[in-house]
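Working notes, structure below.
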Amino acid sequence: MGYIRHNAIIATAWQAEAVTALTQYARGLGAEALVGGEVTNGYMTVCITPDGSKEGWETSSEGDERRTKIKQWMRDHAGQLYFEWCEVAYGSDDANAEITDSDWVMANTL
């Protein structure tokens, strides 16, 4: 038996090629990646949506693995593609919301 906890990645970039590359990479892993249109200054946002599975289920573990790969991909490409991003976790079963990871986490630990 599992509980509901949603995890999503939100990434914003001003480079169209960064948005395209991230979206293609995420979708290639089987993640749902939605792109928000340009609002001002050329910024676009990609949302990697939650897997929709209860924690502890196989589908949830697969979603965790995809998000880990996506975050590592963004970190690996940080010198070429410019993102500001965070991973958020929220859910009705624990009535909590938090930022669980971001591009500043590793930078602040160095």
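The values are calculated or read from the model by the stated rules, or taken from the named source; none is laboratory data. For clarity, every value in this text was computed on a predicted model and none was experimentally measured. A quick note on method: Cβ atoms are made from the backbone with ideal geometry, for glycine too, and the neighbour counts reach across all protein chains shown.
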Checklist entry - Of the residues that make up segment 87-103, is at least one touching a residue at least 12 places away in the same chain (Cβ under 8 Å), in contact with a Cys (Cβ under 6 Å, 6 or more places away or on another chain) and among the polar types (S, T, N, Q)? => result yes
Checklist entry - With respect to the numbered conditions (1) in contact with an Asp or Glu (Cβ under 8 Å, 6 or more places away or on another chain); (2) farther than 21 Å from residue 19 by Cβ; (3) surrounded by 16 or more Cβ atoms within 10 Å (Cβ to Cβ), which one is the sole condition not fulfilled by residue 101? => result (2)
Checklist entry - Just wondering, is there one or more residues in segment 22-35 that are in contact (Cβ under 8 Å) with a residue 24 or more places away in the chain, polar (S, T, N, Q) and over 19 Å from residue 99 (Cβ atoms)? => result no
Next on the checklist: Looking at (1) out of contact with any helix residue (DSSP H, G or I) (no Cβ under 9 Å at 6 or more places or on another chain); (2) surrounded by 15 or more Cβ atoms within 10 Å (Cβ to Cβ); (3) at pLDDT 95 or above, which one does residue 85 not meet, given that it meets all the others?
Outcome noted: (1)
